[in-house]
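J.: Can you keep this structure in mind? I'll have questions shortly.
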Amino acid sequence: MTTTQGTATPTTQKLGIATAIALIFLVLSGLIFSAEDVVQGSTVRMMYVHVPSIWVAYLAFGFTALCSAVYVSNRSRSLIWDRFAGASAEIGVLFVAISLVTGSLWGRLTWGTFWVWDARLTSTAFLFITYIGYLAVRRLGGTFSQRARRSAIMALLAVLEIPLVHFSVNLWRTLHQKASIADPNAKVQLDGFMLFTLFWGLISFSMLFAWLLIHRQRLMALEDAVQDQGLDRAIQERRTEAGR
Amino acid sequence: MDLTPRPVTDAESRAQIQRRRWVPMIIVALALVAGGVVVSQFLTSAIDYYCNVDEVGVRDGCVGQRRIRVQGIVVENSLKQSNGVTEFSLVFHDKTLRVRYQGDPGGVFQECIPVVAHGRVVSGVFDSDRIEVKHTNQYVEKNKTRFDEATKETAACSQLPG
């Protein structure tokens, strides 16, 4: 009889429940409790998904780079760091995609166009493509350590795009507005509950990232184990044949 | 013990292995092409100079009848819409520019909002074929003023002799 073992532990289950509650409150806060904007009306509610999505993407790609750096610098070359890097990049790609889609819809409603080739939008699209490439590079084949080394180098180079994306609104004249809360002058330009909802979005999306990351990393470990088992079985078969 | 990889005889398994090998390579190639397209689109769109209203006719690249992008704020009470044509004035650093646009700009276009107009200056008027509405990084609650007024009135009421 075989037993199915999931990737959850009591701690991740608690984290999952807390994340679900936080997201439900975010939905209520974003759609009901927070007020409309004086210019944009209800369209401003897009911000509570758009900004936390790109925040999680930055966080995820930053974490990918950190894990890659640890893998490269650590003598033990533990593959857990490579798996964390890969899992984090997958989540980052998902959230950049969410950010691009919500940004495009928000742009149509406020700017009057889905897309413009301005510096912020272009650099974000480039970031998305780079990490799609990173994920493809991870699947190019070879041993686990070859995969880890190859992707670690790419992750350390790709992370340099993040400051370019974030500061693109200051470096170039863009249609995209400048930062509201990450302003260099630290002047908060969001009214009352809007600011709270945005911060709540950042917290709940970060919790979602942590939950997804842990599960995806564990799933990757299981995938690697399955691959290892296949190799072990093949060697065992050869040994049996040789022994005949 | 012979550890030489054996040729895969099963056709389906062989196809699966081929697919597993080629798909990531194709994705990497597509990502490289897509990256090139994105950069070239950005550079192509950057060919049109991005000028503020006060730079039109003054700054290098913003002079003559060449195609440019002009940024400014829609002047209050300057907006007129008739026969499918939208006309308004843009202001930036005390300089104004009259803009003519065929159609409805869309988005949250209105007076006192920053916009970017694409087009060229013809006889002193900016003939635009594309308007993009900028929104500032300030978010103000819609009923904030009403709430403030109500709070003031409540405070005034509390001072009335009971």
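J.: When you check residue A:56 against the structure, is it surrounded by 17 or more Cβ atoms within 10 Å (Cβ to Cβ) and on the phi < 0 side of the Ramachandran plot, yes or no?
T.: Against the criterion (surrounded by 17 or more Cβ atoms within 10 Å (Cβ to Cβ) and on the phi < 0 side of the Ramachandran plot), residue A:56 qualifies.
J.: Looking at (1) over 30 Å from residue A:6 (Cα atoms); (2) under 25 Å from the mean Cα position of the chain (by Cα); (3) surrounded by 13 or more Cβ atoms within 10 Å (Cβ to Cβ), which is the only condition residue A:163 fails?
T.: Only one criterion is unmet by residue A:163, namely (3).
J.: Okay, moving on. Looking only at the stretch A:40-49, how many residues end up being in contact (Cβ under 8 Å) with a residue 24 or more places away in the chain and facing chain B (nearest Cβ under 9 Å)?
T.: 4
J.: Looking at residue B:122 and the list (1) surrounded by 12 or more Cβ atoms within 10 Å (Cβ to Cβ); (2) more than 7 Å from every other protein chain (Cβ to nearest Cβ); (3) at pLDDT 90 or above, which single condition is not satisfied?
T.: Failing condition for residue B:122: (1).
J.: Quick test for you: out of A:92, A:6, pick the one residue that is more than 19 Å from the chain's Cα centre (by Cα) and more than 14 Å from chain B (Cβ to nearest Cβ).
T.: A:6
J.: Hey, another quick one. Of all the residues that make up the stretch B:76-106, how many are over 21 Å from residue A:174 (Cα atoms), part of a loop (DSSP other than H, G, I, E, B) and not acidic (Asp, Glu)?
T.: Residues flagged as over 21 Å from residue A:174 (Cα atoms), part of a loop (DSSP other than H, G, I, E, B) and not acidic (Asp, Glu) within the stretch B:76-106 amount to 6.
J.: Step by step: first the residues of the stretch A:173-194, then only those that are facing another protein chain (nearest Cβ under 7 Å) and under 26 Å from the mean Cα position of the chain (by Cα), then the one that is modelled with the lowest pLDDT. Which residue is that?
T.: A:180
J.: Please identify the pairs in which a residue from the stretch A:216-227 that is under 17 Å from residue A:135 (Cα atoms) has its Cβ atom under 8 Å from the Cβ atom of a residue that is of a type outside the set (Ser, Thr, Tyr) and surrounded by fewer than 15 Cβ atoms within 10 Å (Cβ to Cβ), counting only partners at least 6 apart or on another chain.
T.: A:217/A:80; A:221/A:80; A:224/A:144
J.: Can you name the residue in the stretch A:132-155 that is facing chain B (nearest Cβ under 7 Å) and of a type in the set (A, V, I, L, M, F, W, C) and is also farthest from residue A:230 (Cα to Cα) among such residues? Outline the logic, then answer.
T.: So in the stretch A:132-155, the residues facing chain B (nearest Cβ under 7 Å) come out as A:132-133, A:136-137, A:139-141.
Right, trim to of a type in the set (A, V, I, L, M, F, W, C) and you get A:132, A:136-137, A:140.
Numbers: A:132: 28, A:136: 22, A:137: 22, A:140: 18 Å.
The qualifying residue farthest from residue A:230 (Cα to Cα) is A:132.
The values are calculated or read from the model by the stated rules, or taken from the named source; none is laboratory data. Values in this document were obtained by computation on a predicted structure and should not be read as measured data. Quick reminder, even Gly has a Cβ in these numbers, built from the backbone with ideal geometry, and neighbours come from all protein chains shown.
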